[in-house]
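Working notes for the structure below.
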Amino acid sequence: QLLVQRPALAKLRLLSNASAVGAAAAARVRRRELLSPFNFAAFYLPHVLEAKRILYLDTDVLVQRDVVRALEHYELGGKAVAAVEDCSQKFEKYVNFQLLNRLLKRKAMGGLSRHYDFNASTCVFNRGVVLIDPERWRALGLTLAIESLVEAYVKCGARLWRGGVSQPPFLLALGG
């Protein structure tokens, strides 16, 4: 219920309705299943689980060894997450930086302001394998930042990012 009731995620579902947002905006989201609130479930885990660390794994990840011992004391160095860098992909694959810059000149969103320091050719990290420090995540307001970015995505007719629906706001919120 928590996911379905979040206003940003409810607005996201509008993108599957061409009459609500226009045919062009609806067509930009090729995989409708990505609009499901459950695609964003990992971003709410720090608010519902009482744990020192949360290891989030996508359903297509195969674990072949015990990872608890290796990760239970893994030092995150004050960061909210540890993730695997993927240099075969760059931020520019996911984010429309021209539009992002125009939007940020008008209003800060998702913890980003016009002074953000992104390099479009920076390597990305995959949200499918993430070690989370829930206390730090909550302190930084990362779930609210992601929701703010999702709302901006819906308002601009799904043009703010591409290549997924939940990966880009995750990258922006953590990279910003």
T122: passes all of (1) more than 16 Å from I54 (Cβ to Cβ); (2) out of contact with any helix residue (DSSP H, G or I) (no Cβ under 9 Å at 6 or more places or on another chain); (3) β-branched (V, I, T) but (2)
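Going residue by residue through the range 66-76, is there one that turns out to be aliphatic (A, V, I, L, M) and either in contact with a Gly (Cβ under 8 Å, 6 or more places away or on another chain) or closer than 21 Å to A173 by Cα (or both)?
Yes, that holds for at least one residue.
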The lone condition K105 fails out of (1) touching a residue at least 40 places away in the same chain (Cβ under 8 Å); (2) over 14 Å from P168 (Cβ atoms) is (1)
With criteria (1) farther than 26 Å from Y56 by Cα; (2) in contact with a Gly (Cβ under 9 Å, 6 or more places away or on another chain), K93 comes up short on (1)
Within the range 63-106, residues open to solvent by 50 Å² or more (accessible area, probe 1.4 Å), at pLDDT 90 or above and hydrophobic (A, V, I, L, M, F, W, C) come out as V63, C87
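The values are calculated or read from the model by the stated rules, or taken from the named source; none is laboratory data. What you see is a predicted model; the values in this text were computed from it and never measured. FYI the Cβ positions are ideal-geometry reconstructions off the backbone, even for glycines, and counts take in every protein chain you see. Protein only, heavy atoms only, side chains kept; ligands, DNA and RNA dropped before computing areas. Shrake-Rupley method; radii C 1.70, N 1.55, O 1.52, S 1.80 Å.
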